[in-house]
């Protein structure tokens with residue numbers, strides 16, 4: 001197959017390498033700050049990269065800001081409009097973390113765009129990388145071992161599940177909080193101490209580390225005020241985050257907002273997971289076309 005990889009970070013660089021190693025023809029654009037190897041062709045324009053592509057892969061997140069592609073490895077600034085101008089209905093176009101506005105813009109042209117971040121297989125792989133990255137930060141920043149540390153993980157989604165299991169495996173004293181009764185039941189089933197996220201007030205004073213995985217504003221100034229002065233507060237939530245960082249600074253708390261950990265700590269593994277997810281999407285799109 002012919003692939004076009006447009007922009008992104010080292011995850012997309014590794015993705016391109018895996019696609020080429022699998023025997024595909026790969027053209028890239030906006031990865032000009034890195035060496036992509038002899039098997040991968042760099043294009044001068046987005047249109048040239050996409051011209052013969054069966055599948056076009058945009059970054060994660062797709063946009064840095066409105067209409068501006070996320071291209072940290074490029075020397076230039078490039079727009080989503082450039083992609084839309086070159087896109088064709090017969091292409092499989094994939095992007096990460098796109099909103100309804102982007103989908104609507106493509107739909108207006110009669111082109112379907114698929115968000116690979118919404119795929120369960122990719123989300124699970126991301127959760128594993130995020131959990132490992134979080135543990136790396138805890139090991140580097142805590143003055144104590146994880147073994148014996150009292151840790152609270154807020155949120156029991158994919159990342160929460162992956163992180164609590166790994167913390168417990170290292171000997172931490174793990175608590176987890178959730179909003180849903182079903183998640184509370186699973187927390188207890190796994191043998192962790194369970195808390196209700198909406199009822200954390202008065203229960204935070206004993207923790208050595210509090211890690212937020214919930215994509216919502218959770219740790220207000222009032223709750224942060226309960227933490228020990230040497231407690232590490234780690235936020236893994238995407239923007240706008242779940243911690244009042246301004247108040248945490250006033251309280252003298254050590255807080256870290258760790259965004260895009262998979263790309264930071266495991267770009268090769270994330271690139272492989274992205275490639276496998278793209279293959280699954282292409283296979284499913286082919287099956288849908290056969291049904292039509």
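The values are calculated or read from the model by the stated rules, or taken from the named source; none is laboratory data. A quick note: this is a predicted structure, and the numbers were derived from the prediction, not measured. Cβ placement follows ideal geometry from the backbone for every residue including glycine, while neighbour counts extend to all protein chains displayed.
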Filter pass, residue 172 being assigned by TED's automatic domain parsing to the domain that holds residue 251, out of contact with any strand residue (DSSP E or B) (no Cβ under 8 Å at 6 or more places or on another chain) and surrounded by 21 or more Cβ atoms within 10 Å (Cβ to Cβ):
no
Would you mind finding the one in 159, 137, 187 that is farther than 30 Å from residue 12 by Cα, at pLDDT 95 or above and either touching a strand residue (DSSP E or B) at 6+ places or on another chain (Cβ under 9 Å) or in the same structural domain as residue 103 (by TED's automatic domain parsing) (or both)?
187
Which of the residues spanning the stretch 207-236 are under 26 Å from residue 65 (Cβ atoms), buried (at least 22 other Cβ atoms within 10 Å of the Cβ) and without any contact (Cβ under 8 Å) to a residue 40 or more places away in the chain?
235
Scanning the stretch 250-266 for residues that are in a strand (DSSP E or B) and in contact (Cβ under 8 Å) with a residue 40 or more places away in the chain gives 254, 256
Scan of the stretch 121-139 for residues that are surrounded by fewer than 19 Cβ atoms within 10 Å (Cβ to Cβ), under 18 Å from residue 280 (Cβ atoms) and touching a residue at least 60 places away in the same chain (Cβ under 8 Å), ordered by number
121
What strands (runs of 3 or more DSSP E) lie completely within the stretch 6-120 and have 3 or more residues being buried (at least 16 other Cβ atoms within 10 Å of the Cβ) and in contact (Cβ under 8 Å) with a residue 40 or more places away in the chain?
55-57
Of the conditions (1) surrounded by fewer than 19 Cβ atoms within 10 Å (Cβ to Cβ); (2) within 16 Å of the chain's Cα centre (by Cα), the single one that residue 249 does not satisfy is (2)
